[in-house]
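Notes follow the structure.
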Amino acid sequence: MARRTWHMFTLITIFTILSHAGDVFSSTAAPWYENLPAVTMDYKVHIDAGKEDCYYQFVQPGATFYASYQVLKGGDGMCGFAVRHPNGQIVHPYEWRQSAEYADQTSSGGYYAVCIDNQFSRFAGKLVNLYLSVIRYDMWEKYAKEVEELDMNIKNFTNSIQFVERNINDILQYQYHSRARESRDYNLLVDNNSYVLRWSLVQILAIAATGTLQVYFLRKLFEVKDNSSKTRI
């Protein structure tokens, strides 16, 4: 009887552990940032010549989605950029440009596809700065309702927080563009420096070779050859 009770206790314990594990697994199946009020991501990606890379970003319904890119280095400094809506519609068609951006102020939710296309460049890879942000302004209303349940009137405070949050988002986007321009200018300076050094070295070698040839032919011009044959008297 004691053994049967012990077996029943063991089965109940195992079932409890498995049920908790299933709850944890189901909760971690969703994106970790799903309940955050704002998410911003800044990437530097390398796109090989003749290739296309797509990146997927989950956006909650009602959230604001923003995506932009800027080519920092490589080839003609331009590549294609397109954004696909979660319903499959191309909301930002392909354009071969140095930079572009897309914003959806009130998203219906789902996974957006952001694609960077370098298929027109057959020989040069591109270094691209990609910026993505998802902002849920409705989260502030949720926080306001939670505080109102504590009999606190913070309507003006909430409006101020929302105003500050919007300004912070604008500042982050401006800083992203500034960093992207700075990176592009730095890479351009490095490329120009390498170009000048390389061609300077080639010109120095050409001048040295030309001077050596001139001295050689000048000495040949004034060289006197001994007449080995003696004149007979």
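Data table
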item: In range of the label at Tyr186: residues from region 101-131 whose backbone nitrogen is under 20 Å from the point 7 Å along Cα→Cβ; result: 126-131
item: Label-point separation in nm, Ile207 to Tyr195, each point 7 Å along Cα→Cβ; result: 2.1
item: Stretchable slack from Cys54 to Phe120, in nm (0.36 nm times residue separation minus alpha-carbon distance); result: 22.1 nm
item: Ordering of 97-103, 166-172 by burial proxy (mean other Cβ atoms within 10 Å per residue, highest first); result: 97-103, 166-172
item: Under 12 Å, Cβ to Cβ, from Gly62 - net charge with Lys/Arg +1 and Asp/Glu -1; result: -1
item: Estimated distance in nm for a label pair at Glu146 and Val224, the labels positioned 7 Å out from Cα along Cα-to-Cβ; result: 10.6
item: Virtual spin-label span in nm between Glu101 and Gln162, 7 Å along Cα→Cβ; result: 2.2
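The numbers here are math on the coordinates, done by the rules we state, and not lab data. This one's a predicted model, so the numbers in the text were calculated from it and none came from an experiment. Virtual Cβ from ideal backbone geometry, glycine too; neighbours counted across all protein chains shown.
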